[in-house]
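Visitor: Have a look at this one.
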Amino acid sequence: MAPLHQGSSDTSGPIRDAQGRIHYIVELYDAAAPRLPGRTPAGLGPASDAALQAHHQLMEEMGAEHQFVPTTTTRLIGKSFSAFLTSRQVERLRRDSRVERISEDSRIELSAAWTNTGSTEVASWGLNAVGGWRSSYGTRKVYVLDSGVDFHGDLNVVERIPAMDGIPVASCYRHATHVAGIIGARANAQGVLGVHAGVPIVSVAVASNQSLSPCIPDVQATTVYQGLERIRERLIASRVVGIVNISMNSPDYRLGLLLGNKLKSMALPDPSQGYPGAFIVQSAGNGHQDACLVSYNDPKPDDGIMVVGALDDNGQPVKPLNGSLRFQNMPYAKNEPGSNFGPCVEAWAPGNVIRSTWSGGGYINLSGTSMAAPHVTGLASVLAESQGLTSPVQIEQAVRAKLVSLPGSAAVLPGSTGVMPNLNGQGAFAQPTVAFSSSYFEGPDSEVRTLKYDSVGATSCNLRVLKNGAYWYQLPNLPPAYTVLNGTLPAGQYQWTVDCTTAQGVRASAVASATIRRLAWLINTTSTGYVWREFTGPAHESTTTFTWSAGAPMYQRYESVGFDACEVTSSGVSRKDFYWETTKLWSSGVYPPSLDFGVFYMDNPLTAAPPYGPFDKYKWQVECWNSAGTRMSATVYGTQSY
């Protein structure tokens, strides 16, 4: 009985039709054939290919026997069909000797992440990291299996193919357009440059628009399957080895599962079909987890498939720092943790804040392993054309021959000193990536704060701290990650500088600063024991009330740090049935940042004559501000003791 594979646990559930039937992909054995005598199916003339006739007859025969209507079929990458099926139909198909395996269809998550528009430099740092660009002579094509490359004057898209009917050639999700620009944006003195500038690109669209506002793409295993079929058709026709970029991830890409098996078959030349094979580059994924969970997971140095992780511009793998999401992509898409890693990653490439083409003829910066993969794809295309390579294995070996070391990088490849491909064979010393949990903060001196730093690639760090522009203290030989502050700070200006070093002695630093402000009333009277007591923060009667005895002196002042001016307001407060009523008595206008009012002899608010009574208590509030627009207030309540 054919095995049945359920959908991935991290998807949103099975894909169903209006009748509740689940969408399945049914793979058949290569030897599967019609059981009835051969005939020409409806719609095929006598000149049709015999194998194609047999395939159509097989689909019609199985559909009639098991009472289903196929939604898609494949032949060249393996005999299969997809259909909405009931549980009873699934069980009957499992007992059909022609069926090899049945898999629930699933939605595939595109691994790209986006970010805001950045620099307008023509050559991105990623392009320089892989050895610059080379012009294409047009003898090789790169296939971008993705959301559909948009129309853009900086791209040489020679064909746009929807994987199946109903799929737009370019979905609202412009991810593919950015990927294509990294691979082959033209050398035309504008916009950006691709690694293989001007290379002919075949866009194979696999994303539908689940929603246009906001844009929500929908990618299913069925459409990816069909996209691979479209690519295989064209490679058979061309007889030229293909180069395919797949910046998508899902558990289905693992070997032994639906798409993983097809990647393996796509990379294998098949002379009997006239199929030359394809070198496939896949993104590692952006979940900062084992890449083997969501990408092709049978790494070999000669299988024609490479999975690529993402480096930042320091040569370090993109990973969370201080618990933050490193791929910062809002407002275009969700932020994501960082590059996947592990034994299934076979190369690292630039993938953080990469500038490339975008919809409407524009250019933006994006981040993700989806940006790393096309750097390797473009480089592979350069090598295939310049060296006349004719097989996926030759292309992979050529790419691997260009892997260079990045001393000091935390990126590693099993069994290799090389990490990142570079067309010139030139490595570089990586420097540590260092960041504080916050680069700047401000607030009152009563607030508890936490400040940490984290690093990638560092072996040790030194910390130096300034207070009000002067040296305060330093801490040498700290670990690569450390909590600098967990508590309150006195009022003042602070600057922390952390300097981290790799094992090779390459250094990098990060800086954080803070403005800690202070605003407080200080009272000296009966209830304070005739010593100064500080009251901070907004009104809270349980903690900001003081009392004086009849005829007793009261000393009052306010102090602030970090403010330019203040205003003082005094009010009378009366208790009503369900609330306190406040009556304003006096306002100072603009006062200095700190002021001592000296000594007062206060009346009893309960018996004071109007307008200063009768009230239950008095209220004093000081509000201070500075040129930056920051405001802070402090309030005290006072009344005569009985």
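The values are calculated or read from the model by the stated rules, or taken from the named source; none is laboratory data. As the structure is a prediction and not an experimental result, all values here were calculated from the model. Every residue, glycine as well, gets a Cβ built from its backbone with ideal geometry; the counts of neighbours run over all protein chains shown. When the accessible area is computed, the model is the full protein with side chains, heavy atoms only, and any ligands, DNA or RNA have been set aside. Shrake-Rupley method; radii C 1.70, N 1.55, O 1.52, S 1.80 Å.
Visitor: Starting from the Cα gyration tensor of segment 157-295, take the square roots of the eigenvalues, sort them a ≥ b ≥ c, and report rounded, prolate or oblate (rounded when a/c is under 1.5, otherwise prolate if a/b is larger than b/c, else oblate).
Guide: Verdict is rounded for segment 157-295.
Visitor: Next up: Run the quick spin-label model on V158 and S509: label points 7 Å from Cα toward the beta carbon, then report their separation in nm to one decimal.
Guide: 5.2
Visitor: Something else about it: Which distance in nm do the two modelled labels at E100 and A51 give, with both placed 7 Å along the Cα-to-Cβ direction?
Guide: Inter-label distance under the simple model: 1.4 nm.
Visitor: Could you tell me how far the Cα centroid of segment 401-430 sits from the Cα centroid of segment 205-225, in Å?
Guide: 36
Visitor: Compute the convex hull volume of the Cα atoms of segment 371-530, divide it by the residue count, and report the result per residue in Å³ as a whole number.
Guide: Convex hull of Cα atoms, per residue: 160 Å³.
Visitor: Also: To check you understand DSSP bridge types, tell me what percent of the beta bridges within segment 491-642 (both residues inside) are antiparallel, rounded to 5.
Guide: 95
Visitor: I'd like the projected area of segment 207-251, averaged over all directions, using the convex hull of its alpha carbons. Report it in nm² with one decimal.
Guide: That works out to 4.1 nm².
Visitor: Among (i) 29.1; (ii) 33.5; (iii) 31.1, which one is Kirkwood radius over Cα pairs in Å computed from these coordinates?
Guide: (i)
Visitor: Compute and list, largest first, the equivalent-ellipsoid semi-axes of segment 487-642 from the alpha carbon gyration tensor, each √(5λ) rounded to a whole angstrom.
Guide: Its equivalent ellipsoid spans semi-axes of 41, 16, 14 Å.
Visitor: Heavy-atom accessible area per residue, the chain, 1.4 Å probe: how many Å²?
Guide: Solvent-accessible surface per residue comes out at 41 Å².
Visitor: Which angle from 0 to 90°, rounded to the nearest 10, does the C-alpha axis of helix 221-238 make with the longest principal axis of the chain?
Guide: Taking Cα atoms only, the helix is inclined about 50 degrees.
Visitor: Also: Using label points projected 7 Å from each Cα along Cα→Cβ, tell me how many nm separate V69 and E442, to one decimal.
Guide: Between V69 and E442, the label points sit 6.6 nm apart.
Visitor: Separate question: Taking the Cα centre of the chain as origin, work out the dipole magnitude from +1 charges on Lys and Arg Cβ and -1 charges on Asp and Glu Cβ, in debye rounded to 20.
Guide: 480
Visitor: Another question about this same structure. Before rounding to the nearest 500, sum -39500 (n - 2.57) across all DSSP H runs of length at least 4 in the chain and divide by the residue total; then give [θ] at 222 nm in deg cm²/dmol.
Guide: Mean residue ellipticity at 222 nm (helix-derived): -4500 deg cm²/dmol.
Visitor: May I ask you to compute the full-extension gain from Q190 to M330, defined as 0.36 nm times their residue separation minus their alpha-carbon distance, rounded to one decimal in nm?
Guide: Stretched fully, the Q190-M330 segment lengthens by 47.8 nm.
Visitor: Between S460 and L595, what length comes free when the chain is fully extended (0.36 nm per residue of separation minus the Cα-Cα distance, one decimal in nm)?
Guide: 43.8 nm
Visitor: On a C-alpha basis, how far is the centre of segment 544-593 from the centre of segment 16-35 in Å? Whole number, if you could?
Guide: 79
Visitor: Per residue, what volume in Å³ does the convex hull of the Cα atoms of segment 306-418 enclose?
Guide: 122
Visitor: A further question on this structure: Could you tell me how far the Cα centroid of segment 603-634 sits from the Cα centroid of segment 300-369, in Å?
Guide: 56
Visitor: Also, quick follow-up: With both partners inside the chain, how many of the DSSP beta bridges are antiparallel, as a percent to the nearest 5?
Guide: 70
Visitor: Taking a 20 Å limit on the Cα-Cα distance, which of the listed pairs K334/K452; K576/K617; K141/K334; K264/K319; K262/K334; K264/K334 fall beyond it?
Guide: Violating the 20 Å limit, Cα to Cα: K334/K452; K141/K334; K264/K319; K262/K334; K264/K334.
Visitor: Leaving out ligands, DNA and RNA but keeping every protein chain, what accessible area does K619 have, in Å² rounded to the nearest 10, with a 1.4 Å probe?
Guide: Here the accessible area works out near 40 Å².
Visitor: OK, next. How many percent of the accessible area of the chain is carbon or sulfur, using a 1.4 Å probe?
Guide: Here carbon and sulfur together make up 52 percent of the probe-accessible area.
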